[in-house]
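> The following block contains the structure, expressed as structure tokens.
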Amino acid sequence: MAWVDLNESVPDLNENVPESSQYRLITDGQEVIVNPPSVGMCFTTGHEFFEFCQLYAFKEGFEMFIKSNKLKKEYKEKGVSKSGVGKYEAKPHMMELIRLKCKKGGVKKGVGSNVTGCKMNIYGVSRDGLFTILTCDLQHNHPLNPDCSRLMVNYRCIDGTTFKRAMINDMGGVSISKNFGTHLIEKGGYENITFNNRDLRNAINVERRSSRFSAADAAGLDAYFKAQRDLHPEFYSSIQVDDDGVFTNAFWSDARSRGTCKYFGDVITFDTTFACNRYRIPFAPFIGVNHHGKSIIFAAALISHENTPSFVWVFEEFLKCMGKAPLGILTDQDKAICRAIELVFPGVRHRLCLWHMLQNASKNLGSLSDWKKIDTLIRTAIHDLIDPDEFDEAWCHVMDEYGLRGPGWMKDAYDNRRQWAPAYNRGKFWAGMSSTQRSEGMNRFFKTHVNLDCGLVLFIHNYEYCMRIKAEEEKQDNFDNIDKPAKIDVDKSVLVEYVLVKTYTSEKFAEVVKERRGLTHTNVTKTSCHGSVVLYRADEKLTSPFWRKRFKSYDVRVDKENGDLHCSCNLFEFTGILCRHIMRAMDVEDFQFVPEKYILQRWMKCVRSYESIRVSYFDPLESIRLGKAKELSQRHNYLSELAMRNDDALRLYKEAMDVVRLKMEDVVGIRKTGEKGDDLICWWDPDARNVFGRRRLRPREFGERARLRDVEPVVDENRIKTPVDKRHTGREKTKRNAPFGGKAGGNSKNKKVVTEEEVIANEELICNAFGNLPSYRARQQHANHVGGTYAENVPQSSNVHPSQSSQAHPSQLHLSQDYSQSFEFDINDWRTRL
């Protein structure tokens, strides 16, 4: 930058200026002295005049704004205006005159205003090819604060390199506060950073919103799907629009997800309770369980209207994509989903979420005076009565006892009992799932990486990142199963455990070990024999305090010749893991091998074909750019490391970079710096000139209203239209997402601790209510009889691993608990095994 004074013939502008009014800048290690503005000072362009005045204000400690300006005629003819956007926005170099004024100038309009009527101003016009200062008044009527200049809005900025790193951190799930903290530490404190936490938050939010304007959000999503199909033929996607061409629903699945469905797509969960984007379109993933017991995504959908036609379209697309229907699907109680499943998946087992059933019970019956007693009896009937006839009789008894036979929730739940009651579903394979908590857990995972105000295009990129995380987690689990076997002592005396330790993954083998430990408290007694079929009665001491010993019995059928095993607890049928009762019966029958049908390939740690398929979500052009950026980063890091070794290396680095800089600017066709660098900016920052001074953190071309005003009308009738923005409107309350009322549906963290007296009272209530059931009374009498002779019938500890203590382990199968999860399901404390 250069300027001259027309009134002075001496080129040295610092000759007669007092040293106290001169400004010193450090550029390339050299001190440069700069004068304050004065009448007659000239500049090459209006842009240089503007930047020089902003530098003066920054050093003095105040802010200026453009009070008035006038565009040059040639720019007006090109369509440039003061309200223009993008290339039509007025810039300082386009001005014929510019009047700058202190921000505290003007008339004070109310209490709290910081306007003081300051008369400070600088007025410049373009004459004879130079921009000249005509008038200049540098006097203020308010104190200046040069120490706090970096906090003023005019001088806060984010350079391009820092912003790119911030966006990378944001895509990686780093919160904005931690994102700002990393830059703060890197720069060496607040004094060396040119923006604050709020500035970074605003800039990131602008970038998130700007994605919807790049190609109109829905059309951009459609173009992205087409590019992925061209790149990967196995990528499947489909978009549905309404009669007006507006986006309504979308479905997609990549090659890896389709491969996982071939192995683990027998049982899926489907839930639509997560509204993930600015249009409040629910995100509905198809979730399953892999061989490590972890949640995996087979496909995903965006559904704008939660009605039967929308769900029918989504399920039909799933059927086209995967080529076959699942054996079972688990959903919540939405009627539209239920009707769609009946239409698209006839004959497929459809189970309702048991957790939602219990929550709906508290919502509909929680206002009754006898609700606590009803809740106790309902949960006992659900979890303790494993026979369908017993369950029906117990449920009808509760309805008769408390007058709930009429129309209502109890009657509706009883009519649909085959879709949710454990007594009717425990004999079928559900991979240990009895609720949609896997879908809700996946929703929580997505919430950490997806911003609720993002558009469709940005959402799909966040979805890609989440899929990469899941693929990497499974790869790590596969490696750990091979390289780091589970640190569990194997009891070689138990045949099932000795065989499965070599085939099952560590997570599933841990479930086998849990059942083996229960052998300490399990005994079997031979009851009858019919040919090759031998019947046993398995008696087990349940988990409870010593003074409240409880026993439960199960029927075990063993056919050694045909290799058939069955237990009335149905643990294997439900989860695919042999129960402790069958293990004890196999030990008595002296099995020499485990039948192949009881070693599920689903839980094996063998290599599967989809594991070699890379997640296909990536932009080819973006991958090329990242490859170039990686190479440049490696080169720069190596050279900068050498330059820090000694002063000679640093001097050589600077000299070489100056040469390279000038050559690259010539190749690109720009001239951002001089041969020795710019006095006012750091030449190594390509965006510095655009950032410094009056450059806004949210420039006009990124403003949402301006972008909408500047959007060209869509001419192509086949182009998909973007749905209506529904931010800040909230999701419409439905029966499924409305909050549950009453204390029974409240937060489980605030639940009351159940006392010993309440436990005894609940037991008496259950015995009085269900004691008249013949089967229930017979089982209780047998359990009491077993309690007196249990110590005599339990085998010696020679068949039990010596590392096991006498601590009891649960064996009763509670199907309100999702056995496919590694964490305990939230249940009431009183419901100990009865």
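The values are calculated or read from the model by the stated rules, or taken from the named source; none is laboratory data. No experiment lies behind these values; they were computed from the predicted model shown. Here Cβ is always computed from backbone atoms with ideal geometry, including for glycine, and neighbour counts include all displayed protein chains. Accessible surface areas use protein heavy atoms only, side chains included; no ligands, DNA or RNA. Shrake-Rupley method; radii C 1.70, N 1.55, O 1.52, S 1.80 Å.
> What size of dipole, in debye to the nearest 20, comes out for segment 304-378 about its Cα centre when the only charges are +1 on Lys and Arg C-beta atoms and -1 on Asp and Glu C-beta atoms?
I would put it at about 200 debye.
> How long, wide and thick is segment 173-262, going by the Cα atoms along their three principal axes, in whole angstroms, largest first?
Dimensions of segment 173-262 along the principal axes of its Cα atoms: 54, 37, 19 Å.
> Please work out how much length the chain gains when fully extended from Asp559 to Lys262, using 0.36 nm per residue of separation minus the C-alpha to C-alpha distance, in nm with one decimal.
Stretched fully, the Asp559-Lys262 segment lengthens by 103.7 nm.
> From the Cα gyration tensor of segment 83-163, with a ≥ b ≥ c the square roots of its eigenvalues, which class applies: rounded if a/c is under 1.5, or else prolate if a/b is larger than b/c, or else oblate?
Note, shape of segment 83-163 comes out oblate.
> Then there is this: Return the sequence-ordered ³J(HN,Hα) values of segment 313-324 in whole Hz as given by the Karplus equation 6.51 cos²θ - 1.76 cosθ + 1.60 applied to θ = phi - 60°, using x for Gly and Pro.
Result, ordered by residue: 5, 5, 5, 5, 5, 4, 5, 5, 5, 8, x, 8 Hz.
> Could you pull the Cα extents of segment 402-549 along its three principal axes, largest to smallest, in whole Å?
Projected onto the principal axes, the Cα atoms of segment 402-549 cover 66, 60, 40 Å.
> For segment 157-258, report the accessible area per residue in Å² (1.4 Å probe, heavy atoms, rounded to an integer).
That works out to 46 Å² for each residue.
> Which residues in segment 387-416 place their backbone N less than 17 Å from a point set 7 Å from the Cα of Leu368 along the Cα-to-Cβ direction?
The answer is 392-416, whose backbone nitrogens lie closer than 17 Å to the label point.
> Arrange the peptides 324-336, 158-170, 44-56 so that the one whose residues have, on average, the most other Cβ atoms within 10 Å appears first.
Ranked by mean Cβ neighbours within 10 Å, highest first: 44-56, 324-336, 158-170.
> Ranked highest first by average number of other Cβ atoms within 10 Å, how do 652-660, 570-578 line up?
Going from most to least packed, we get 570-578, 652-660.
> Would you mind checking Lys492/Lys597; Lys502/Lys597; Lys487/Lys514 for any pair whose Cα atoms are more than 18 angstrom apart?
Lys492/Lys597
> Can I ask one more? Within the P(r) computed for segment 45-106, what percentage of the Cα pairs occupies the region above 18 Å?
Of all Cα-Cα pairs in segment 45-106, 41 percent lie more than 18 Å apart.
> Further question on the same structure: Sort largest first and round to whole Å: the equivalent ellipsoid semi-axes of segment 275-403, each the square root of five times a Cα gyration tensor eigenvalue.
Here the semi-axes work out to 34, 18, 15 Å.
> Straight-line reach from Lys109: which lysines fall under 21 Å, measuring Cα to Cα and dropping same-chain residues less than 8 apart?
Straight-distance partners of Lys109: Lys67, Lys101, Lys119.
> Additional query: Taking the simple approach of a point 7 Å from Cα along Cα-to-Cβ for both Phe479 and Lys630, what is their distance in nm?
Here the modelled spin labels are 1.5 nm apart.
> Something else: Equivalent-ellipsoid semi-axes (√(5λ), Cα gyration tensor) for segment 47-186, whole Å, largest first?
32, 24, 15
> Given the peptides 436-446, 757-767, 553-563, 74-84, arrange them by the average over their residues of other C-beta atoms within 10 Å, most packed first.
Answer by packing, highest mean first, reads 436-446, 553-563, 757-767, 74-84.
> Let me ask something else about it. I'd like to check one number: the per residue accessible area of segment 293-370, probe 1.4 Å, reported in Å² as a whole number.
39
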